[in-house]
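Beneath this line is the structure, given in structure tokens, with notes to follow.
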Amino acid sequence: MNPYLEFVFQSQQKLLSSPKETLQETILSNIQEALEVFDIDRTAIFPMSKVKIDANDLITVTRYSHKRLPVEYYKSLEIDKFLTSLNKRRGWYFYDEKTIAKSELKWLASLGKEGVKQYGNIPIVCFEEVYAGVSIAYFKHVETSQEYLDSLTLLAQVWVMLWQKSSFSHP
């Protein structure tokens, strides 16, 4: 069996059986575990809404000593262009180090200056609409297979679904 998919199945069980009082903490803990399993340095989960981002309604998690991006970082970028570019996608897309370095997009160029070598986004689609996004940053080069991408996409969908549930459950 795909080792990534095995982790996803175990995560789903843990997440779906979590009491709603501790769901947010369980999601954050699972994201932290996933960073290790998938060898990701930083991730963010964000809604497809500038208003929600302005209201700090997003999650960022990092491992090691990599800088956790504060919500203000996202607010300072060309967030409208970022959300528009994500909204046009229906699957993973990656930026390699060369593309990041040459980018004229403020948000992508700033990642390059920080040392990001690869960056990807997963649009989370629900009822044919992009509902949220999950960004993935690597400060090194990582080989990704289709199994890796499919497994991470499935896990990201669960995170987003439960994150939204936990947001509705807590004022």
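The values are calculated or read from the model by the stated rules, or taken from the named source; none is laboratory data. If you're wondering where the values come from, they're calculated on a predicted model, not measured in any experiment. All Cβ positions, glycine included, derive from the backbone under ideal geometry; neighbour counts span all protein chains shown.
Answer yes or no: is there a residue in region 122-141 that is under 24 Å from Gln32 (Cβ atoms), at pLDDT below 75 and not in a helix (DSSP H, G or I). Break it down into steps so the answer makes sense when it comes.
Applying the first criterion (under 24 Å from Gln32 (Cβ atoms)) to region 122-141 yields 122-124, 131-141.
Restricting the remaining residues to those that are at pLDDT below 75 gives none.
No, every residue in region 122-141 fails to be under 24 Å from Gln32 (Cβ atoms), at pLDDT below 75 and not in a helix (DSSP H, G or I).
Mind counting the residues in region 101-117 that are under 21 Å from Leu58 (Cβ atoms) and not in a loop (DSSP other than H, G, I, E, B)?
Residues of region 101-117 under 21 Å from Leu58 (Cβ atoms): 105-111, 114, 116.
Pick out the ones that are also not in a loop (DSSP other than H, G, I, E, B) and you get 106-111, 114.
So the count comes out to 7.
For the structure I just gave you, tell me whether Lys98 is closer than 23 Å to Leu35 by Cα, assigned to a helix (DSSP H, G or I) and at pLDDT 85 or above.
Numbers: closer than 23 Å to Leu35 by Cα: no; assigned to a helix (DSSP H, G or I): yes; at pLDDT 85 or above: yes.
No.
I'd like to check something: does region 72-88 contain any residue that is modelled with pLDDT of 85 or more, among the polar types (S, T, N, Q) and in a helix (DSSP H, G or I)? Talk me through it step by step, then tell me what you get.
Here is the first cut: in region 72-88, the ones modelled with pLDDT of 85 or more are none.
Within region 72-88, not a single residue is modelled with pLDDT of 85 or more, among the polar types (S, T, N, Q) and in a helix (DSSP H, G or I).
What's the number of the only condition in (1) modelled with pLDDT under 75; (2) outside any helix (DSSP H, G or I); (3) crowded, with 16+ Cβ neighbours inside 10 Å that Arg68 fails to meet?
So Arg68 meets the others, but not (3).
Only one of these is under 16 Å from the mean Cα position of the chain (by Cα) and over 13 Å from Thr43 (Cβ atoms): Tyr119, Tyr95. Name it. Working first, answer last.
Numbers: Tyr119 fails: over 13 Å from Thr43 (Cβ atoms).
Being under 16 Å from the mean Cα position of the chain (by Cα) and over 13 Å from Thr43 (Cβ atoms) holds for just one of Tyr119, Tyr95, which is Tyr95.
Taking the criterion of being assigned to a loop (DSSP other than H, G, I, E, B) and either under 17 Å from Ala137 (Cβ atoms) or modelled with pLDDT under 90 (or both), would at least one residue in region 17-29 satisfy it?
Start the filter on region 17-29 by keeping residues that are assigned to a loop (DSSP other than H, G, I, E, B), which leaves 17-19.
Among the residues that remain, those that are also either under 17 Å from Ala137 (Cβ atoms) or modelled with pLDDT under 90 (or both) are: none.
Scanning region 17-29, I find no residue that is assigned to a loop (DSSP other than H, G, I, E, B) and either under 17 Å from Ala137 (Cβ atoms) or modelled with pLDDT under 90 (or both), so the answer is no.
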